[in-house]
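Participant: There's a structure below that I have some questions on.
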Amino acid sequence: MIDQIEFSELKVLVVDDQRFVRDIVGQLLGAMTINRVFQANSVDAAVEVMRKQALDMVICDINMKPVNGLHLLKAVRMGLTDLSRDTNFLFLSGHSDRAVVERAMALDVDGFIVKPVKPIELEKRVRAALARQQVVRPKDQYSGVSVNYRETVNGLVFDDYNPPMGGIRW
């Protein structure tokens, strides 16, 4: 039952290249009694935390450079990190580009939290993700999802480049 979730037992990683956002999300999680919150300022730093810490959830910004949050989700779902492939994963974003959302959905993201983060929305999304029965598909179904994008005057352009990150080799 969703109301019986023991937030104080959760371990959550917040990944965002903006310290202010990480701190705010961490404070909001603390207000929900989620006190075991880890932070990373990049995908590489997140992979390093994942090597050292078992986590129940990742809350990650999509639009980071040089490696974006879609790469991290893809690595988790493909089993290339030390996390379980079915780890709950929420995206933080001010991004509403349809192609980005479609790729996140193809990688079985558990939900989206719109920036600026509102406390009630954060709690709602965390509860929904924890209540959701995540079923991961075979790894090869994730490998074909293009997640590398760049902004152009005509919109976003995707390609199949997967950069090395945190020692992960695609």
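Values quoted throughout were computed directly from the atomic coordinates according to the rules given, and no laboratory measurement underlies them. For clarity, every value in this text was computed on a predicted model and none was experimentally measured. All Cβ positions, glycine included, derive from the backbone under ideal geometry; neighbour counts span all protein chains shown.
Participant: Using only the Cα atoms of the range 1-58, build the gyration tensor, take square roots of its eigenvalues as a ≥ b ≥ c, and label the shape rounded, prolate or oblate: rounded if a/c is under 1.5, else prolate if a/b is larger than b/c, else oblate.
Facilitator: oblate
Participant: Which far-off residues, 5 or more places away or on another chain, put their amide H under 5 Å from the one on VAL14, with H placed in the peptide plane?
Facilitator: Distant-sequence amide H within range of VAL14: PHE38, GLN39, ALA40, ILE59.
Participant: So which lysines pass the test for LYS74, namely a Cα distance under 19 Å, with those fewer than 8 places away in the same chain ruled out?
Facilitator: Within reach: LYS65, LYS139.
Participant: Can you list the HN-Hα couplings for the range 113-130, worked out from phi with the Karplus curve (6.51, -1.76, 1.60; θ = phi - 60°), rounded to whole Hz and with x for Gly and Pro?
Facilitator: Here the 3J(HN,Hα) series is 10, 7, 7, x, 6, 9, x, 5, 5, 4, 4, 4, 5, 5, 4, 5, 5, 5 Hz.
Participant: Once amide H atoms are built 1.01 Å from N in the peptide plane, which residues 5 or more positions from LEU92, or in another chain, come under 5 Å H to H?
Facilitator: Here CYS60, ASP61, ILE62, ILE113 satisfy the definition.
Participant: Given the alpha-carbon gyration tensor of the range 7-159, what are the semi-axes of its equivalent ellipsoid in whole angstrom, ordered largest first, with each equal to the square root of 5 times an eigenvalue?
Facilitator: The equivalent ellipsoid of the range 7-159 has semi-axes of 23, 18, 15 Å.
Participant: What number, rounded to the nearest 500 deg cm²/dmol, is the helix-based mean residue ellipticity at 222 nm of the chain, given -39500 (n - 2.57) per DSSP H run of at least four residues and division by all its residues?
Facilitator: Taking each H run of at least 4 residues, the total per residue is -10000 deg cm²/dmol.
Participant: When the chain is treated as a GNM, springs tying every alpha-carbon pair under 10 Å, which of GLN27, GLN39, GLN133 comes out with the largest mean-square fluctuation?
Facilitator: GLN133
Participant: What list of ³J(HN,Hα) couplings, whole Hz, do you get for the range 62-67 from phi and the Karplus terms 6.51, -1.76, 1.60, once you set θ to phi - 60° and write x for glycine and proline?
Facilitator: Whole-Hz 3J(HN,Hα) from phi for the range 62-67: 7, 8, 10, 10, x, 10.
Participant: Of the candidates VAL157, VAL100, VAL76, which one comes out as most mobile in a Gaussian network treatment of the chain with C-alpha springs shorter than 10 Å?
Facilitator: In this elastic network of the chain, the residue with the biggest mean-square fluctuation among VAL157, VAL100, VAL76 is VAL157.
Participant: Let me ask something else. Quick one: work out the % antiparallel among DSSP beta bridges in the range 50-170, nearest 5.
Facilitator: Around 40 percent antiparallel, to the nearest 5.
Participant: For PHE7, PHE20, what's the fewest-to-most ordering of other Cβ within 10 Å of each Cβ?
Facilitator: PHE20, PHE7
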